[in-house]
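**Q** My structure is below; once you've seen it, I'll send some questions.
The values are calculated or read from the model by the stated rules, or taken from the named source; none is laboratory data. This structure is a prediction, so every number in the text was calculated from the model and none was measured. A quick note on method: Cβ atoms are made from the backbone with ideal geometry, for glycine too, and the neighbour counts reach across all protein chains shown. Protein only, heavy atoms only, side chains kept; ligands, DNA and RNA dropped before computing areas. Shrake-Rupley method; radii C 1.70, N 1.55, O 1.52, S 1.80 Å.
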Amino acid sequence: MAGAAHCSLQAKRLLLDPKFEGYKLSLEPLACYQLGLDAAVAEVQLRDDQYTLDHMRAFGMYNYLHLDSWHQDNVYYVDQFGRVMNLSVTLDTALQKPREVFRLPTDLTACDNRLCASMHFSSSTWVTLSDGTGRLYLIKSGKRGNSASEKWEIVFNEELGSPFIVAHSISFIKSDAHSLAVLLLRVEKDDLDTKGSGFHVTLEWVTVAERKEGDHTYEIIKRRVLQGKSVPHYAAIEPSGDGLMIVSHKPFTFMQSESDKLEENDDAKVSNEKKDPLYYWQQTEDDLTITIHLPQDITKDDIKIRFSPDNICVTLKDQPPLMEGKLYSSVDHESCTWVIKEDKSLEISLIKKNEGSRWPELIIGDTRGEFIMDPSQCSEIAESLMHLTSEVMNPNPEKENPPCNAQELEECDAFLEDGASLCRFDGNTLKVTHIINLGSNQYLFSVVVNPKEMPCFCLRHDVDALLWQPHSDQPENMWEHIATFNALGYVQASKQDKKFMACAPDYSYAALCECLRRVFIYRQPTPLATVLYNRKEGRQVGQVAKQLVATLESNDPILGFQATSERLFVLTTKTLFLIKVNCGN
């Protein structure tokens, strides 16, 4: 992780509600429709040799229902005959039976070690599909959700080794050629792991591109493999195909080919020869100071420095820039100055635009500098953390910042994985460029709000659940807080039998389902039509958040769960349920 920028997630205060009063149980009936399936869902049970927690997370808890985010209220599943079945909803009271849109060419029952069939919608007209035997299909689908224009045609299919499931895929244009990038997830036996589970997890990043423009034939141009020791909670390729983001409990690293190792060894030799930092930098709450040691023959006239609000460029004589790049945050470029000191060093002063913020790095991605911390800053940080490291259990609970007392935590506040991290990998260097230690921000679920962007992920923050939208093209705002589900972090922790979680793309509600029958829906606060008073505080309540509960008329386990702005789709072995949550406009 050397050289990676250590970042943090910045919650928007305006999206938080410290006065949230909880969910009121609503007994209003929910319209629930059900469709019997012609053939059962192609569920694959875990084998005896798939006994680890990672096998359960990756395959045992797999969501067999696939939502097409490009076309609203359009869901798909694969049945036991290898047919891809589609249900497209326009009117709840006039539901059609699921229809077949594609049939897998292979006999699924012929492969003993197969996994469940999986799919991902790469764009409005492209689908990535796996039959669970190790074969990848790229399919041009036409406009989906419309029986007249939807026709699934295999454009590429190839055997790619051991069985996998499709974790994510995108469609993009690169160098005037159409390309698709796919993430394949495997849990593989690891003979070298004698102390752990005996397995490791791999994510294979496969890029398939059109041979010639308009040729309509495709070939694999790149295969890269990441390896880790836990199934990722979230893994997605950036829309441009230039990077990858992973949320996982244990870190992932790229497995190198021999040629890559030789190149890295050469790079290491070069870097060992250049041990001294190119520049040193310090910061206060208001400004930053950069120090560069100059060669003896450099004069003031040889130095050119260009300041802008977000960039800096330092050039000596007519050589290539010595320092150049995007600053971590904005500066007041008109107040920035530089001077040559007596010891033949160049000192540059930058004035921060946002006073009080600490910069983890000076120039984004530049590791050639060294940060020097002032002794007073060290003692200030140590003092601010003192109350967290007391040797006495809650010595003075009345003071302003009492230490956290583990005995005050409730059982539902405790969860196993408090060491998860969010990493952004660069597709060219194959190195981590940004890392966020999520700490106690438990991962809850992911959702596609805008199919042209990366999937959002939802994390627990204290009692709330916060939704984050990654923006790979905005280094200053790479993870944006876009919505809050009040108290959902706390509420979901008490549901010990929960299997899937989801939310509406318009954030109007969140929902979770148990393994059998029960579905819980949590609506965002809405204004009341009648007058309601809080008796304890003697004040009028303007809006209320509702909890609704639906019980499915089925004893089969829930295999799939998806949410749209209007309705929930719940898939069991033999039935597809639709729960109307919101009325359409």
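**Q** May I ask you to list pairs of residues, at least six apart or on different chains, whose Cβ atoms are under 9 Å apart, with the first in the range 227-241 being free of Cβ contacts under 8 Å to residues at least 40 places away in the same chain and the second being β-branched (Val, Ile, Thr)?
**A** Close Cβ pairs satisfying both conditions: GLN227/VAL201; GLN227/THR202; GLN227/THR253; GLY228/VAL201; GLY228/THR202; GLY228/ILE246; GLY228/THR253; LYS229/VAL201.
**Q** Then there is this: Which of the residues spanning the range 139-170 are of a type in the set (Gly, Ala, Ser) and open to solvent by 70 Å² or more (accessible area, probe 1.4 Å)?
**A** SER147, ALA148
**Q** Looking at the range 8-34, which of the residues that are among the small types (Gly, Ala, Ser) and under 22 Å from ARG460 (Cβ atoms) is most open to solvent (accessible area, probe 1.4 Å)? Reasoning before the result, please.
**A** Residues of the range 8-34 that are among the small types (Gly, Ala, Ser), as a first pass: 8, 11, 22, 26, 31.
After this cut, where a residue has to be under 22 Å from ARG460 (Cβ atoms) as well, the list is 8, 11, 22.
Working: SER8: 70, ALA11: 46, GLY22: 24 Å².
It comes out as SER8.
**Q** A follow-up question, please. For the range 55-72, give me each residue that is open to solvent by 10 Å² or more (accessible area, probe 1.4 Å), closer than 15 Å to PHE577 by Cβ and not aromatic (Phe, Trp, Tyr).
**A** Matches in the range 55-72: ASN63, LEU67.
**Q** Give the number of residues within the range 279-315 that are closer than 13 Å to ILE340 by Cβ, assigned to a strand (DSSP E or B) and of a type in the set (S, T, N, Q).
**A** 1
**Q** Sticking with this structure for a sec: Kindly establish whether ILE173 is open to solvent by 40 Å² or more (accessible area, probe 1.4 Å), under 27 Å from the mean Cα position of the chain (by Cα), among the hydrophobic types (A, V, I, L, M, F, W, C) and under 21 Å from THR128 (Cα atoms).
**A** On the way: open to solvent by 40 Å² or more (accessible area, probe 1.4 Å): yes; under 27 Å from the mean Cα position of the chain (by Cα): yes; among the hydrophobic types (A, V, I, L, M, F, W, C): yes; under 21 Å from THR128 (Cα atoms): yes.
The answer is yes for ILE173.
**Q** How about the range 1-107: which strands (runs of 3 or more DSSP E) wholly inside it have at least 1 residues that are aliphatic (A, V, I, L, M) and more than 24 Å from LEU184 (Cα to Cα)? So that I can check it myself, show each step before the final result.
**A** Values: elements: 23-25, 32-36, 74-78, 83-88, 99-103.
Of the strands (runs of 3 or more DSSP E) lying wholly inside the range 1-107, those with at least 1 residues that are aliphatic (A, V, I, L, M) and more than 24 Å from LEU184 (Cα to Cα) span 23-25, 32-36, 83-88.
**Q** Further, regarding this structure: From the residues in the range 78-100 that are crowded, with 21+ Cβ neighbours inside 10 Å and of a type in the set (Val, Ile, Thr), which one is nearest to TYR64 (Cα to Cα)?
**A** Taking the candidates together, the pick is VAL78.
**Q** Would you mind stating whether ASP318 is in a loop (DSSP other than H, G, I, E, B) and under 26 Å from LYS431 (Cβ atoms)?
**A** Details: in a loop (DSSP other than H, G, I, E, B): yes; under 26 Å from LYS431 (Cβ atoms): no.
When the stated conditions are applied, ASP318 does not pass them.
**Q** If you don't mind, there's one more thing I want to ask. Restricting to the range 207-246, name every residue that is closer than 29 Å to LEU438 by Cα and not in a strand (DSSP E or B).
**A** LYS229, SER230, VAL231, PRO232, HIS233, GLU238, PRO239, SER240, GLY241, ASP242 - these are the residues of the range 207-246 that are closer than 29 Å to LEU438 by Cα and not in a strand (DSSP E or B).
**Q** Moving on to the next point. Condition test on VAL519, is it modelled with pLDDT under 95 and in a strand (DSSP E or B)?
**A** When the stated conditions are applied, VAL519 does not pass them.
**Q** Go through the range 180-217 and give me each residue that's among the hydroxyl-bearing types (Ser, Thr, Tyr) and open to solvent by less than 20 Å² (accessible area, probe 1.4 Å).
**A** Those that are among the hydroxyl-bearing types (Ser, Thr, Tyr) and open to solvent by less than 20 Å² (accessible area, probe 1.4 Å): THR202, THR207.
**Q** Let me ask something else. When you look at SER124, is it crowded, with 20+ Cβ neighbours inside 10 Å and farther than 20 Å from ILE579 by Cα, yes or no? Write out each step before concluding.
**A** On the way: crowded, with 20+ Cβ neighbours inside 10 Å: no; farther than 20 Å from ILE579 by Cα: yes.
Taking the combined requirement at face value, the residue does not satisfy it.
**Q** Looking only at residues in the range 227-283 that are of a type in the set (A, V, I, L, M) and open to solvent by 30 Å² or more (accessible area, probe 1.4 Å), which one is modelled with the highest pLDDT?
**A** MET255
**Q** Return a yes/no flag: does the range 288-299 have any residue that is modelled with pLDDT of 90 or more and open to solvent by 30 Å² or more (accessible area, probe 1.4 Å).
**A** yes
**Q** Give me the residue from the range 141-152 that is closer than 11 Å to VAL101 by Cβ and in contact with a Lys or Arg (Cβ under 6 Å, 6 or more places away or on another chain) and, out of that set, modelled with the highest pLDDT.
**A** Only one residue tops the list, namely GLY142.
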